[in-house]
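All of the numbers you see were taken from the coordinates with simple rules; none came from a lab. Note that this is a predicted model, so its numbers are computed, not measured. As a convention, Cβ positions derive from the backbone with ideal geometry for all residues, glycine included, and neighbour counts pool all protein chains shown.
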Amino acid sequence: ISNPGLESGLMIAQYTAASLVSENKTLAHPASVDSIPSCENQEDHVSMAPIGARKARQILENVQKIVAIELLYAAQALDFRLNNEQQKTDSGPERLFGKGSAAAYRLIRNHIPFIEKDRPIYRDIERMLELVRGGAVLEAVERAVGKLK
């Protein structure tokens, strides 16, 4: 960020990730413990499976957003490292980072530019989320390092 102190950088993205983590903690409360007797105690245990499945799906969606935000952070950090090292040597990402990290970094930077000054971060998060959900990040890494198990 070109004007630290005046610009917020990735602070808003951090708040977003932190709130999603907190939401996941509340969603992790088992739905089955909220079962109440029904049908005049004839059916005293109800699994609440549909509620549990819906909560699990929401947790998965939240985790995908968290991973997308973390990948944005990582690309930004790798840019700082890369720029610092390139001043000393003529090294590219493949020489400084692992093969998988370099592949993910290149993919991200092909779609989302370096954050030099404040801009609406939600667009970057949404684009990164598309890359995560669509499997593009995994595909790029696997092309570089082989199939992940």
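A few remarks follow.
- Förster-model FRET efficiency, 35 Å R0, Ser19 and Gln42, C-beta, rounded to 0.05: 0.25
- In degrees, nearest ten, helix 49-88 long axis to first principal axis of the chain (Cα): 10 degrees
- Cα-projected label distance for Ser32 with His111, points at 7 Å along beta-carbon direction, nm: 3.7 nm
- Local net charge near Ile59, Cβ-Cβ under 14 Å (Lys/Arg +1, Asp/Glu -1): +3
- R0 of 41 Å, Cβ-Cβ distance Glu61-Arg95: FRET efficiency to nearest 0.05: 0.65
- Within the shell of other residues whose beta carbon sits under 13 angstrom from the beta carbon of Gly98, the net charge comes to +3, with Lys and Arg scored +1 and Asp and Glu -1.
- Members of Lys65/Lys147; Lys25/Lys149; Lys65/Lys99; Lys55/Lys99; Lys25/Lys117; Lys65/Lys117 lying beyond 31 Å, as alpha-carbon distances in this model show: Lys55/Lys99; Lys25/Lys117
- Stokes-Einstein D for the chain, Kirkwood Rh over Cα pairs, 10 °C, 1.306 mPa s (µm²/s): 88 µm²/s
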